[in-house]
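These notes are about the structure you will find just below.
Any read-out appearing in this document is the output of simple, stated calculations on the displayed coordinates, not a laboratory observation. Computed from a predicted model, the values in this text were never measured in an experiment. Cβ coordinates were reconstructed from backbone atoms using ideal geometry, including for glycine residues, and neighbour counts include every protein chain displayed.
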Amino acid sequence: MRINVTKPFLPPIEEYSALVGGIFSSQWLTNNGPLVRQLETQLKHYLKLDRLGYVANGTMALQLAIRGLNLSGEIITTPFSFVATVSSIAWEHCRPVMADIDRDTLNIDPEQIRRAITRQTSAILATHVFGNPCDVYEIESIAREYGLKVIYDAAHAFGTVIDGESIFSWGDVTATSFHATKVFHTVEGGAVIARDPAVHEKLMTMRSFGQSGSEFIHIGTNAKNSEFHAAMGIANLLHIDEVLANRKALSDRYDEMLDGANVSGMLIRVPCVYNGAYYPVIFESETVLNRVLEALRQEDVFPRRYFFPSLSSLNYVGAQYTPIADDIATRVLALPLYHGLEIADVDRIARIVARECGPRRLHVPPTRHAYVERETLKAVG
Ligand SMILES: *Cc1c(COP(=O)(O)O)cnc(C)c1O
């Protein structure tokens, strides 16, 4: 049977149907309906957040964040992310300026952020790539020093916890995605989490045409989401702890199986509860990567080249010098990891990878052991 990099989680159909039955009774299909509000309440409770606004998708969440914070000029961002991180900046008529990544964590390097700051810089938009926390402490201190706003693209980071709090609580705004391929999903969907209540209110009016009561107080857009999408989220949220635990077990198994093989992993440097969103492996060269891809394809296994090519190569971004991201992007592969993947398949995949890349010579161990055990979230103060 074909194995892809990911497979969306689906709740038991009766659980989803029961919620859809309610929609048919109420005939309230969209426009901030009861299930959208219920999902927001439950997510805030689960993630211990004061504020969260459910939106149409993660890309709209990013665009709303940029608009809502009134950004202009240059926004410093990462070349190693999904394209939406960078295209949202350009879409909002700002200029994406790339700061290279740290070669071990794969996240934006704070030192490179400092070097990229100019008088035109208005913000930093950083991705917690693969769910691995950015150096949020250093980024916060740079932002304070230079008076910059911070947006986090946390599309991969649902369930990652630092200092006893959801990682979504960092930044002026965190934007996340609930797309079908993410750890927690609502088919299509996303959310914005704003630190400042006034920014949250603004984002909530912008999500619905800028309407507040009977007035249109901002330029707005349509970033609302529907009752059917919210229903999927409510049904999925009942299973999220099991999903997260299963991902950790599968990741641990890959760690064990690849111990001693010539691959490096992503280093998790910020102490956290890692969510197991992805299992990236970095090979010695693109040649080895292609060899592994071909060997896996013969077994009907299809990992993905997340993220290739580096976003510095986008034609609308302009020349940027990010040699580390450009290099890593050619050598990194996300191995299959999803709820329902069998341990036997992890073993089979890992054996092929280990066979094709030979014994360990690379400098970074495939360490994912920096994470702390899943702890209780701190109560909101
Ligand atoms: C998936 C993803 C997005 C976009 O989210 P959508 O909900 O698909 O619009 C943005 N950034 C990153 C890093 C992503 O992985």
> Between rounded, prolate and oblate, where does the chain land on the alpha carbon gyration tensor, with a ≥ b ≥ c its root eigenvalues, rounded for a/c under 1.5, else prolate if a/b exceeds b/c?
Replying inline: oblate
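Roughly speaking, what is the stretch gain from E138 to E14, that is 0.36 nm per residue apart minus the C-alpha to C-alpha distance, in nm to one decimal?
So the chain would gain 40.0 nm between E138 and E14.
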> Any idea what the dipole of the chain comes to, in debye rounded to 20, about its Cα centre with Lys/Arg Cβ at +1 and Asp/Glu Cβ at -1?
Replying inline: 400
> R291 to E111: extension gain in nm, 0.36 nm per residue of separation minus the Cα-Cα distance?
Replying inline: 61.3 nm
> Which value, in debye to the nearest 20, describes the size of the charge dipole of region 241-357 about its Cα centre when Lys and Arg Cβ atoms bear +1, Asp and Glu Cβ atoms bear -1, and nothing else is charged?
Replying inline: 220
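Let me know the shape class of region 106-173, please: from the alpha-carbon gyration tensor, a ≥ b ≥ c as square roots of the eigenvalues, rounded when a/c is under 1.5, otherwise prolate if a/b is greater than b/c, or oblate.
Prolate is the answer for region 106-173, as a/c is 1.5 or above and a/b outweighs b/c.
Just to verify a number: FRET efficiency for D241 and R269, C-beta to C-beta distance, R0 = 25 Å, to 0.05?
For R0 = 25 Å, the calculated efficiency reads 0.45.
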> Hey, rough spin-label estimate for R195 and F24, points 7 angstrom out along Cα→Cβ, what's it come to in nanometres?
Replying inline: 4.7
> Counting alpha carbon pairs within less than 8 Å and at least 6 residues apart, what relative contact order, in whole percent, applies to the chain?
Replying inline: 23
>> Suppose every Lys and Arg Cβ carries +1 and every Asp and Glu Cβ carries -1, with no other charges. What dipole size does region 283-342 come out with about its Cα centre, to the nearest 20 debye?
In response: 140
